[in-house]
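Colleague: Pasting in a structure now, in structure tokens, and then I'll have a few things to ask.
The values are calculated or read from the model by the stated rules, or taken from the named source; none is laboratory data. All figures in this text were calculated on a predicted structure; none of them were measured in a lab. Please note: Cβ atoms are built from the backbone with ideal geometry, for glycine as well, and neighbour counts cover all protein chains shown. In case anyone asks, the SASA skips ligands and DNA or RNA and just uses the protein heavy atoms, side chains included. Shrake-Rupley method; radii C 1.70, N 1.55, O 1.52, S 1.80 Å.
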Amino acid sequence: IKFEFWGNQTFADFFPANNQDILAQLRLAASGKGEEAFIYLWGEPGHGKTHLLYASCEEAFNQQIRAFYLDLTSDIPLEALLDGLEANELVCLDNIQAICGNREQEITLFHFFNRHREAGNRLLVTADRPVGQLGCVLPDLQTRLNWGLSLKLRCLNEEEKFSLLIHKAQQLGFELNPAAARFLLTHY
């Protein structure tokens, strides 16, 4: 299976700042060396959760591990999307909050979670809030989501945003003057 990545969304391309521990856990899970079979990653939109799921898939592929990424905001019925995915050693489900509150979709995810776990595979899930605030109508799904390691992706402070901007500019092949970087952060 060939996996097409969106831009350079790898671990090397992610600016970790104060999230080093999260990167370490995700790298271990993606490479099959970690102890955690299930990781729940949450944080505000725009802080890199999708990037980290893509990076996890890329890391898994580099280790010859079958991996699959799925964004749960898709309009395709969830049952069709999850059918057979338990054959993948690593599955990354993005935006789980999109299905919470829908009993049928929660039941489908609950059954997939059980099949995937029984197969001894790893699951990475992201959301924009902690498990307790998802609004799951299926108590058993809420319980399953609390089984694993829950990690909060921390926001960058102003100095880290400045460093990130300089870092991304360098990756794109140009040098960004610190004064210009400060101007961009202040006004844009």
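Colleague: Any residue in the range 143-160 that's farther than 19 Å from Leu23 by Cβ: show its pairings with residues that are assigned to a helix (DSSP H, G or I) and modelled with pLDDT of 90 or more at Cβ separation under 7 Å, as long as the two are six or more apart or on different chains.
Modeller: Close Cβ pairs satisfying both conditions: Arg144/Phe110; Arg144/Phe113; Leu145/Val131; Asn146/Val131.
Colleague: Can I ask one more? Checking Phe110 against (1) open to solvent by less than 60 Å² (accessible area, probe 1.4 Å); (2) over 20 Å from the mean Cα position of the chain (by Cα), which test does it fail?
Modeller: Answer for Phe110: the failing condition is (2).
Colleague: A further question follows. From Asp21, Asp13, which residue is among the acidic types (Asp, Glu), open to solvent by less than 30 Å² (accessible area, probe 1.4 Å) and farther than 22 Å from Arg115 by Cα?
Modeller: Values: Asp21 fails: open to solvent by less than 30 Å² (accessible area, probe 1.4 Å).
Matching residue, one of Asp21, Asp13: Asp13.
Colleague: Output the residues belonging to the range 60-97 that are in contact with a His (Cβ under 9 Å, 6 or more places away or on another chain) and modelled with pLDDT of 95 or more.
Modeller: Asn88, Val91
Colleague: Oh, and also: Go through the range 158-188 residue by residue and tally those that are of a type in the set (Phe, Trp, Tyr) and surrounded by 11 or more Cβ atoms within 10 Å (Cβ to Cβ).
Modeller: Here is the first cut: in the range 158-188, the residues of a type in the set (Phe, Trp, Tyr) are 162, 174, 183, 188.
Adding the requirement that they be surrounded by 11 or more Cβ atoms within 10 Å (Cβ to Cβ) leaves 162, 183.
Residues that pass the stated criteria total 2.
Colleague: Sort out which residues of the range 122-157 are at pLDDT 95 or above, of a type in the set (Val, Ile, Thr) and open to solvent by 50 Å² or more (accessible area, probe 1.4 Å), and write them in order of number.
Modeller: Within the range 122-157, just Val137 meets the criteria.
Here is a yes/no grid of residues against (1) in contact (Cβ under 8 Å) with a residue 12 or more places away in the chain; (2) out of contact with any strand residue (DSSP E or B) (no Cβ under 6 Å at 6 or more places or on another chain); (3) surrounded by 15 or more Cβ atoms within 10 Å (Cβ to Cβ); (4) of a type in the set (A, V, I, L, M, F, W, C):
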{"position": "Ser31", "(1), (2), (3), (4)": "yes, yes, yes, no"}
{"position": "Ala37", "(1), (2), (3), (4)": "yes, no, yes, yes"}
{"position": "Trp42", "(1), (2), (3), (4)": "yes, no, yes, yes"}
{"position": "Thr50", "(1), (2), (3), (4)": "yes, no, yes, no"}
{"position": "Glu59", "(1), (2), (3), (4)": "yes, yes, yes, no"}
{"position": "Thr73", "(1), (2), (3), (4)": "yes, yes, no, no"}
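Colleague: Can you give me the number of residues within the range 136-188 that are in contact with a Lys or Arg (Cβ under 8 Å, 6 or more places away or on another chain) and under 21 Å from Arg27 (Cα atoms)?
Modeller: Summing the residues that are in contact with a Lys or Arg (Cβ under 8 Å, 6 or more places away or on another chain) and under 21 Å from Arg27 (Cα atoms) in the range 136-188 gives 1.
Colleague: Report yes if Glu89 is open to solvent by 50 Å² or more (accessible area, probe 1.4 Å) and either under 21 Å from Leu26 (Cα atoms) or of a type in the set (Ser, Thr, Tyr) (or both), otherwise no.
Modeller: On the way: open to solvent by 50 Å² or more (accessible area, probe 1.4 Å): yes; either under 21 Å from Leu26 (Cα atoms) or of a type in the set (Ser, Thr, Tyr) (or both): yes.
So Glu89 fits the description; yes.
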